[in-house]
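Note sheet for the following structure.
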Amino acid sequence: MNREHLQLEYGLRFDWGLPGAKAVGAAADVAVVVDVLSFTTTLTVAVDAGIDVLPYRWNDESAERYASESDAVLAVRRSRVAHAQISLSPNTIRRTTAPRRLVLPSPNGSSICFELGAGSGVCVGASLRNATAVAGWIARHYTPRSVVSVIGAGEKWPGGELRPAIEDLWGAGAVMCALTATGSDAEVSPEALMAIAAEVDRSTAVPVLESRVFRGRAVG
């Protein structure tokens, strides 16, 4: 791997997907995974409801056993959700009696969190709903020189290749904008600067996207 791709000279890093998470997140003091549609958004809704969320790999037959051993409810796929069940849709949590613990697999964000959580570092989930809160938590628990790696989960093409997602770029940029506002003086990588710039420009871009791109598309 090209050494420059590891962003080792920088304290605030950004990359995409599980390969990027392993490259820049494994040795960080804290890794922040952003999967706006919809793992980390559902995560924030679950936390608001007092639920402890356990990430897990997607499409893994051991998930049911893992949930049982963890004394947790296992979320089901959206296509299979029935009354009083929870899926990756935030609304299913709002409509259901909150369990104490929830295993919430997803093909992108949750799988990345699970892999990073198996190491020695700290991994947190962020979305546009809690970007400022995540930055504040990091500022309270880490020094301004701590290494923070932000990971955009993105999506996948049918063949499994990574497809970067604009909402995750914005979410990552929101976290890093909020983090720099707390007084962090870590040097920012070019990749992280790109995400920050995308968030700064979001207020201009959103009306255009809503009218030209998202119109008629089912998102969520």
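Values in this text are rule-based calculations from the coordinates and carry no lab data. Keep in mind that what you see is a predicted model, and the values were worked out from it rather than measured. Counting neighbours? That spans all protein chains shown, and the Cβs are built from the backbone with ideal geometry, glycine included.
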- Which is farthest toward the positive dipole end of the chain among Ser79, Met1, Leu162, measuring Cα position about the Cα centre, with Cβ charges +1 (Lys, Arg) and -1 (Asp, Glu)? Ser79
- Per the rule of 0.36 nm per residue minus the C-alpha distance, extending Ala27 to Asp52 adds in nm 6.5 nm
- In debye, nearest 20: dipole of the chain around its Cα centre with unit charges on the Cβ of K, R (+) and D, E (-)? 740
- Count the net charge of all other residues whose Cβ sits under 14 Å from the Cβ of Arg163, scoring Lys and Arg as +1 and Asp and Glu as -1. -4
- Item | Dipole of the stretch 1-160, positive direction: furthest Cα of Ser111, Cys123, Phe39, with charges on the beta-carbon | Phe39
- Item | Loop-resident sites, the stretch 1-74, for GluC sites (Glu not before Pro), counting at most 15 other Cβ within 10 Å (DSSP) | Glu9, Glu61
- Listed residues Ser184, Ser68, Ser89; largest mean-square fluctuation, Gaussian network over the chain with Cα springs below 10 Å, found at Ser68
- Note on the structure: The simple spin-label model distance between Glu187 and Asn59, using points 7 Å out along Cα→Cβ, in nm, is 4.1
- For Arg80 and Ala98 in the same chain, what is the full-extension length gain: residue separation times 0.36 nm, less their Cα-Cα distance, in nm? 4.6 nm
- Note on the structure: If every Lys and Arg gets +1 and every Asp and Glu gets -1 at its Cβ, then about the Cα centre the stretch 40-105 yields a dipole, in debye to the nearest 20, of 280
- Task: Quickly rank 95-107, 75-87 as a protection proxy: mean count of other C-beta atoms within 10 Å, highest first.
- Result: 95-107, 75-87
- Note on the structure: Placing +1 on each Lys and Arg Cβ and -1 on each Asp and Glu Cβ in the chain, then taking the dipole about the Cα centre, the residue among Ala49, His141, Ile196 whose Cα reaches farthest towards the positive end is Ala49
- Task: Can you figure out the FRET efficiency of Asp71 with Val122, using R₀ = 25 Å and their beta-carbon distance, to the nearest 0.05?
- Result: 0.60
